[in-house]
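S.K.: The structure's right below; bear with me while I get my questions together.
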Amino acid sequence: MLSKELVAASTVPLVLSVLTEGETYGYALIQRVRELSEGKIEWTEGMLYPVLHWMQKEGLIESEWREADTGRKRKYYRIRKEGRTQLKDERQQWMAVHSTLSKLWQPQSSSI
Amino acid sequence: MDGRSLNALKIMAASIEFNLNDAFRLWREQLSQSPHFRPENLDELESHLRDSVTVLQSKGLSADEAFLIGTRRVGKDAALEEQFAAENGGRGWRDTAWRLIHRYGNKVIHLLIVLYFTIGCFFVWGCGQIARMIHPIEPGRGLPGFTVLVCGLTRFWYVLPVLSAFYVGYVWFRKGGSSRSWFGFFAATTGCLVLLGLPTLVALLLPLIDFLNSLPHWLKEHTPPQ
């Protein structure tokens, strides 16, 4: 399981990345991240929805209440242009961290 | 399977569905007690919980089990409230007003009731004083005994507003702000006002009736003969 801080820091890029696959709703978002992380990232609903609402307020994503196939109403989220720009920035930052750590850990792991 | 068994199964299924809906309604009602959840937040959380319960039921869990696990996954009420409070915390005067009402509403209503009760008692006391001021026009005839009795007692009527003020002090400083006890207090004070007001009204009417009854006789005596 990841630390709380890392989960919190990675929420926005993860949400934006999942939404690039297509619009989705909160429950499916949590399931998708759980599936991709093989259960290592467990989001709680209490955490996710305020983040989604904040991202919407920031103009990164937009939402719409729509009737699903089951007949029940669901709130669907989709990424906006501003969200894609933000994701690009986030991606560069995370790749920078990843690349730095990889370089640091490569000789260590080989020395072990 | 015969028709009756099928019907029984249908009734059982309907009953389970009804219970589940009832559980959703109660869960939502519990969350809606908090000022930190907007109706749209509750709609979204309920939709999420319904999705979660449907998936759990499809895995073979009963409605009760699925609901129990689903609500646990959504999180404890306090934790959810904390997260949504952070989100909805600084959204202008309406939220602030709602939080203040939630926190102090019951206490402020108590204050208003004690004010209303004090004014009411003062008004009833005033009626008692008016009754005392009515002098019979027939010489030697005093005020009716009931009026004298009630007018004599009105001097003690300040005790009730003082007692109610003490109770409001207790509500403000000792009692939890979330309990909605103002309705009982309002009923009690209104009942007291009725109990005080009715005898005072009678005490006021008796000398008035006396006065009106003796008026023709008095006029006859004091009208100069033609």
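S.K.: Quick one: how many residues across the stretch A:1-41 are part of a helix (DSSP H, G or I) and either touching a strand residue (DSSP E or B) at 6+ places or on another chain (Cβ under 6 Å) or open to solvent by less than 70 Å² (accessible area, probe 1.4 Å) (or both)?
M.R.: Number satisfying all stated conditions: 23.
S.K.: Further question: Only one of B:ARG50, B:ARG38 is under 37 Å from the mean Cα position of the chain (by Cα), closer than 13 Å to A:GLU45 by Cβ, within 12 Å of chain A (Cβ to nearest Cβ) and basic (Lys, Arg); which?
M.R.: B:ARG50
S.K.: While we're looking at this one, here's another question. Residues that are in a helix (DSSP H, G or I), within 14 Å of another protein chain (Cβ to nearest Cβ), surrounded by fewer than 17 Cβ atoms within 10 Å (Cβ to Cβ) and at pLDDT 65 or above: does the stretch B:3-21 have at least one?
M.R.: yes
S.K.: Before we move on, is B:GLY169 farther than 30 Å from B:HIS222 by Cα, at pLDDT 90 or above and open to solvent by less than 40 Å² (accessible area, probe 1.4 Å)?
M.R.: So B:GLY169 does not fit the description; no.
S.K.: If you check B:GLU44 against the conditions, is it among the acidic types (Asp, Glu), open to solvent by 20 Å² or more (accessible area, probe 1.4 Å) and either within 14 Å of chain A (Cβ to nearest Cβ) or out of contact with any strand residue (DSSP E or B) (no Cβ under 6 Å at 6 or more places or on another chain) (or both)?
M.R.: Spelling it out, it is not the case that B:GLU44 is among the acidic types (Asp, Glu), open to solvent by 20 Å² or more (accessible area, probe 1.4 Å) and either within 14 Å of chain A (Cβ to nearest Cβ) or out of contact with any strand residue (DSSP E or B) (no Cβ under 6 Å at 6 or more places or on another chain) (or both).
S.K.: Does A:ARG91 count as surrounded by 11 or more Cβ atoms within 10 Å (Cβ to Cβ), under 23 Å from the mean Cα position of the chain (by Cα) and not polar (S, T, N, Q)?
M.R.: yes
Results for (1) modelled with pLDDT of 85 or more; (2) open to solvent by less than 80 Å² (accessible area, probe 1.4 Å); (3) away from every other protein chain (no Cβ under 14 Å); (4) in a helix (DSSP H, G or I), shown as yes or no for each residue.
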position: B:GLU82; (1), (2), (3), (4): no, no, no, yes
position: B:ALA86; (1), (2), (3), (4): no, no, no, yes
position: B:ARG94; (1), (2), (3), (4): no, no, yes, yes
position: B:ALA97; (1), (2), (3), (4): no, yes, yes, yes
position: B:LEU115; (1), (2), (3), (4): yes, no, yes, yes
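S.K.: Only one of these is of a type outside the set (S, T, N, Q), within 12 Å of chain B (Cβ to nearest Cβ) and in contact with a Leu (Cβ under 6 Å, 6 or more places away or on another chain): A:GLY46, A:GLY71. Name it.
M.R.: When all the criteria are applied, what remains is A:GLY46.
The values are calculated or read from the model by the stated rules, or taken from the named source; none is laboratory data. None of the values given here were measured: they were computed from a predicted structure. Positions of Cβ are generated from backbone atoms using ideal geometry, with glycine treated the same way; all protein chains shown enter the neighbour counts. In case anyone asks, the SASA skips ligands and DNA or RNA and just uses the protein heavy atoms, side chains included. Shrake-Rupley method; radii C 1.70, N 1.55, O 1.52, S 1.80 Å.
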